[in-house]
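The block underneath contains the structure these notes are about, expressed in structure tokens.
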Amino acid sequence: MPIELDALHQGDCLAGMRCIDDGTVDLAFADPPFNIGYDYDVYDDRRHGDDYLDWCRDWTREVVRVLKSTGTFWLAIGDEFAAELKVMLTREHGLTCRNWVVWYYTFGVNCKAKFSRSHAHLFYFVKDGKTFTFNDGAIRVPSARQLVYGDSRANPQGRLPDDTWILRPQDLTDGFHPDEDTWYFPRVCGTFKERAGWHGCQMPEQLLGRIIKSTSNEGDLVFDPFGGSGTTLTVAKKLKRRFLGFELSEEYAARINKRLAAARPGDPLDGAAEPLVSAPSTADGVRLDEKGDRQRAAARRRLKKQPQLPGL
Ligand SMILES: C[S@@+](CC[C@H](N)C(=O)[O-])C[C@H]1O[C@@H](n2cnc3c(N)ncnc32)[C@H](O)[C@@H]1O
């Protein structure tokens, strides 16, 4: 391959991808500008809709070309172009869509005269609908059967997450309470410890963690054409994957390189660790404890509240 791997290259991804051989990338993740007038330092995010779609057609065609025949492509996109890009990727470029994941986040953009935006779309495409990597064991979460109903039929490995992904800000490391019950990925807001502090579109490491763990293996090549703050490449490095990316802005590229230099293979991902529970808490739910015994929530609470009697 005529391009250096385990590196972020500053420059236009369309030109850069022409230096990547056909069929070399295991997993591509792209979070392009959404064409919603966002202020990047060099990219102009206010293009005519047709120009934007033509540009997307060009760079997605290159992504598909550099993917291995067993490769996976995740696309993050907003409401404005989600439908057109899904049709483009499947009908024109021939990919198979395995999931249309909705990422629900809190701390979205407040709207005055319509409902506030609190989601983005994550399309999970594969090149070959029959042969692809999917490591379900790497991303399972505890099931309601395990956590609430104390059901002995529960799979001890848990269950696969839903296709709506959620994790609340209060579930970040600093504010995380093991009793909480729903898994949200927050947008990485300015006040969060995880925020690198210089890129408004920074994605949470845990979100990329789920994508990279489930749809690639250690040693695989992970590619991101739109580096941004460098989340994809940083998580790929921490998870012991090879990585390669582009970023148009010189300033962002320099900062990505600093972030990459600080990350080591095997480092923990920022943000809340894997969800402890995925089921709704109920007033009187039943959990299986470590030995598989049924523990009733209300009884546990009553026991906790009772003053300890001498001799008991
Ligand atoms: C939405 S942001 C990516 C955010 C990233 N996922 C993260 O977690 O930080 C999109 C990025 O694409 C970059 N960009 C825009 N056009 C580009 C191009 N032609 N080639 C490479 N990067 C480009 C922008 O400068 C911006 O940093």
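Put simply, the Cα atoms of region 35-102 extend 36, 25, 20 Å along their principal axes, the longest span coming first. Between D151 and K112, residue separation times 0.36 nm minus the direct Cα-Cα distance comes to 9.5 nm. Counting 0.36 nm for each residue step from D136 to Y40 and taking away their Cα separation leaves a gain of 31.0 nm.
In the structure shown, the pairs K112/K238; K213/K258; K127/K240; K112/K213; K114/K240; K130/K240 are assessed against 32 Å; a Cα-Cα span above that value is assigned to K112/K238; K112/K213; K114/K240. Taking 0.36 nm per residue of sequence separation and removing the Cα-Cα distance, the N99/D79 pair yields an extension gain of 5.6 nm. With contacts taken as Cα pairs under 8 Å at a separation of at least 6 residues, region 1-132 carries a relative contact order of 26 percent.
Residues in region 75-118 near a label at D128, defined as backbone nitrogen under 18 Å from the 7 Å Cα→Cβ point? Within reach of a label on D128, which here means backbone N under 18 Å from a point 7 Å along Cα→Cβ, region 75-118 contributes 94-98. For region 73-158, what does the alpha-carbon gyration tensor say about shape, rounded, prolate or oblate, given a ≥ b ≥ c as the root eigenvalues, a/c under 1.5 as rounded, and a/b over b/c as prolate? Judged from the Cα gyration tensor, region 73-158 comes out oblate (a/c at least 1.5, b/c at or above a/b).
Near V25, the amide H atoms lying under 5 Å from its own belong to L67, K68; only residues 5 or more places off or on other chains count, and H is placed 1.01 Å from N.
Using C-alpha pairs under 8 Å with a sequence gap of at least 6, the mean separation divided by the residue count of region 54-157 gives a relative contact order of 30 percent.
Here, each number is a calculation from the coordinates, and none is a lab measurement. Note that the structure is predicted; figures quoted are calculated from it, not measured. Glycine also receives a Cβ, built like all others from the backbone with ideal geometry; neighbour counts cover every protein chain displayed.
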